[in-house]
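The values are calculated or read from the model by the stated rules, or taken from the named source; none is laboratory data. Please read these numbers as outputs of a predicted model, since none were measured by experiment. Every residue, glycine among them, receives a Cβ derived from its backbone with ideal geometry; neighbour counts consider all protein chains shown.
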């Protein structure tokens, strides 16, 4: 009332209230007030508050979280404001560019995202050395964008550069170094360079066991990635052994109905089936399928996969009646018959 509804201080108060709503779990009110505040911010030409760029970026985050539409438009507006108020090479401008690039990628606009990341790296390299954390972050994002655009050689070369810098400046056990190793392994896999991929992923698993422990989430994820890489070559025995170890660790550390434990069971059963160890596949999968049935509704993709795999095991093991029963159940599921 003191300043009126179209005043800069009123805008600041509105944004402050959105933070309070968010901190107390009143997210619907937070989102609604943030949209109202952004509309006022636009009417005041975006120059009414020193924090205007922060508010615009937060509003775009709301949109990306699925609370509304128009994420990319909001990000472009925030970027235009940052360039106007702070200049094209300011840190806030560069981070806003990165957010726009990621939103473009998430929206499937991969070519536009790539162009944005390339421009972003060019600007960042003017003010920061190659080993600066922000530069390495942008290079990592650009490499992923190149990968998603099918420019595999360029992605691989850039990932090798990032990994070399991470190892030199952060050490081989740093989390960013380990992520860079996993990314580079993916590029090697895409190029069919399996030995290089296996070597990198084996090293990641070794380090994760040391730094995160055998049952650490990152350790188990690294083991899962390595097992998948073994399965793409003639390394099926290695994959089976690693899948058995993953399941043994998960059963010892997590409840039997833990979703990731059930997924590990399914992966191992698939390995047994591929190895024609059908009795073991069925013994592992049957109790897991029962737990999946209890946990998931009919038609859930994970349940459909589990039923499909179980039916295949029964069929290969000479139990056609059980296979037919499961296939009949699959045929009646809503997602399968389009209802």
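A few remarks follow.
- Checking 197, 143, 227 one by one, the residue that is in a helix (DSSP H, G or I) and either under 17 Å from the mean Cα position of the chain (by Cα) or more than 24 Å from residue 271 (Cβ to Cβ) (or both) is 143 and no other.
- Annotation note: of 178, 184, the sole residue that is over 27 Å from residue 258 (Cβ atoms), crowded, with 22+ Cβ neighbours inside 10 Å and within 17 Å of the chain's Cα centre (by Cα) is 184.
- Search result, residues across the stretch 81-101 that are over 19 Å from the mean Cα position of the chain (by Cα), under 15 Å from residue 141 (Cα atoms) and either in a loop (DSSP other than H, G, I, E, B) or at pLDDT 90 or above (or both): 94, 97
- Filtering the stretch 259-288 to residues that are outside any helix (DSSP H, G or I) and surrounded by 15 or more Cβ atoms within 10 Å (Cβ to Cβ) leaves only 277.
- Residue check, residue 104 touching a helix residue (DSSP H, G or I) at 6+ places or on another chain (Cβ under 7 Å), within 29 Å of residue 71 (Cα to Cα), in the same structural domain as residue 191 (by TED's automatic domain parsing) and part of a helix (DSSP H, G or I): no
- Looking only at the stretch 289-300, and only at residues there that are in contact (Cβ under 8 Å) with a residue 24 or more places away in the chain and assigned to a helix (DSSP H, G or I), the one that is surrounded by the fewest Cβ atoms within 10 Å (Cβ to Cβ): 294
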